[in-house]
1. Only one of ARG62, ARG44, ARG52 is part of a loop (DSSP other than H, G, I, E, B) and among the basic types (Lys, Arg). Can you tell me which?
2. Among the residues of segment 109-127, how many are farther than 14 Å from TYR99 by Cα, touching a residue at least 12 places away in the same chain (Cβ under 8 Å) and more than 16 Å from the chain's Cα centre (by Cα)?
3. I'd like to verify a number: residues in segment 9-62 that are of a type in the set (S, T, N, Q), over 12 Å from the mean Cα position of the chain (by Cα) and either over 15 Å from ARG73 (Cα atoms) or surrounded by 18 or more Cβ atoms within 10 Å (Cβ to Cβ) (or both), how many?
4. Would a scan of segment 1-9 turn up a residue that is over 29 Å from VAL108 (Cα atoms) and touching a residue at least 60 places away in the same chain (Cβ under 8 Å)?
5. Can you name every residue in segment 6-27 that is assigned to a strand (DSSP E or B) and of a type in the set (S, T, N, Q)?
6. Give the residues of segment 128-149 that are closer than 11 Å to TYR30 by Cβ, polar (S, T, N, Q) and surrounded by fewer than 17 Cβ atoms within 10 Å (Cβ to Cβ), sorted by residue number.
7. Filtering segment 28-41 down to residues that are of a type in the set (Ser, Thr, Tyr) and not in a helix (DSSP H, G or I), which residue is farthest from PRO82 (Cα to Cα)?
8. If you go through segment 54-83, how many residues are of a type in the set (Asp, Glu) and closer than 19 Å to ASP123 by Cβ?
Amino acid sequence: MTAAYYSTVLDHPVETVWSLIRDFNNYPVYIDGVTESVIEDDGRGDEVGAVRCFHYGGNRIRQRLGAHSDDQRFLTYVGIDPFEVPAGAVCETPARTRYEGTMQLLPVVDGARTFIEWSVTLDPVSGRAEPWRNLLLSLIAEWTDSLRRTLDRNAVEGLRA
């Protein structure tokens, strides 16, 4: 097992950030490159056990919501199928791998900001942990930047309204 961990501070209140990501099916709203997402079997986006199917980087990906807490502001997702590298993401594509990710939000009192932690644990083929870890570190940073851009855009649109 190996893990990729990324954290940063977002210049938005924790309630605002959580309201955007708490719905497991909201991925296309804040992750660039996700073209659609559907919760299977009419599940809810905050229902533990719900399965989302989304398209990202030319791949169809299915994940199950493994844990969700509005009180603690976190969610955990589990890959149903092994993770495939998005098309064009790296020169040498590592073998598919099993994974589980967690997004956790904490309030930053100074300035009403949000501390976000995003981690993904992987079970790669022996000897392939480091390429996967490096890839996931770059992808999580991209996904978090996409979340930041969405929050910034929403804030500007809110000022115009």
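Rule-based calculations on the coordinates, nothing more; no lab input. All of these numbers come straight from a predicted model, not from anything done at the bench. Virtual Cβ from ideal backbone geometry, glycine too; neighbours counted across all protein chains shown.
1. Result of the check over ARG62, ARG44, ARG52: ARG44.
2. 3
3. Looking only at that region, the number is 3.
4. Yes, because at least one residue in segment 1-9 is over 29 Å from VAL108 (Cα atoms) and touching a residue at least 60 places away in the same chain (Cβ under 8 Å).
5. Selection gives SER7, THR8.
6. Once the filter is applied, which keeps residues that are closer than 11 Å to TYR30 by Cβ, polar (S, T, N, Q) and surrounded by fewer than 17 Cβ atoms within 10 Å (Cβ to Cβ), segment 128-149 yields only SER146.
7. THR35
8. Looking only at that region, the number is 1.
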